[in-house]
Amino acid sequence: MIEFCVEDYADVIAEIKPYYALHYDELASNKEIELDPNYEVYEKLHEAGVLHVVTARDNGILVGYHISFVMPHLHYKQSLTAHTDIYYLRKDCRVGMNGVNLFKFMEQSLRVRGVERIYMMTKTDADKGVILERLGYVEKERIYTKMI
């Protein structure tokens, strides 16, 4: 059974790093840009209290994560907002309700933290929109990208 928990970024980043390459290989839509996370900026965001890390563990082994940036919205400073950075669940753990439960736990933990709104994106070629809509998310914007 998968267990979910809020964990400190500094305590789990070493466990998360090996998954970044798998995540990139599976989902990156701009593979002409090499994966090179800016860990220094992540560390500064962690120190500022901005990062929110939810982990998924199977018998203590990390199998997934959801990382978001939590801060007052730049347009509505009274509203604490979470912007999803990345989320991933190991392929063999994408059974049953594990993915949905990861999102539900993330939402509950952000609610406890005082977050009012969550921004979540999904890749068009690995669309999680159906799941997000079942969880009550509403499509509000589209993001376009262009390599120049």
Calculate the spin-label point distance for GLN108 paired with ILE33, positioning each point 7 Å from the Cα along the beta-carbon direction, and give it in nanometres.
3.5
Show me the chymotrypsin sites (Phe, Trp or Tyr not before Pro) within segment 15-106 that DSSP assigns to loop and that have at most 14 other Cβ atoms within 10 Å of their Cβ.
TYR76
Please identify the GluC sites (Glu not before Pro) of segment 67-148 that satisfy two criteria: DSSP loop assignment and at most 16 other Cβ atoms within 10 Å. Which are they?
GLU116, GLU139, GLU141
Separation of the LEU135 and SER79 label points, Cα + 7 Å toward Cβ, nm
1.9
Extension length gain for ALA14 and ASP92 (0.36 nm per residue less Cα distance), in nm, is 26.0 nm
Using the beta-carbon distance between ASN101 and ILE143 and R0 = 22 Å, what value does 1/(1 + (r/R0)^6) give for FRET efficiency, to the nearest 0.05?
0.25
21 Å Cα-Cα threshold exceeded, pairs from LYS91/LYS146; LYS91/LYS140; LYS91/LYS123; LYS17/LYS140; LYS44/LYS104
LYS91/LYS146; LYS91/LYS140; LYS17/LYS140; LYS44/LYS104
Within 10 Å of each candidate Cβ there may be at most 10 other Cβ atoms; applying that plus a DSSP loop requirement, which GluC sites (Glu not before Pro) in segment 28-98 survive?
GLU32, GLU34
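Every read-out reported here was derived from the displayed coordinates using simple, explicitly stated rules and does not represent laboratory data. If you're wondering where the values come from, they're calculated on a predicted model, not measured in any experiment. Note: ideal-geometry Cβ built from the backbone for every residue, glycine included; neighbour counts use all protein chains shown.
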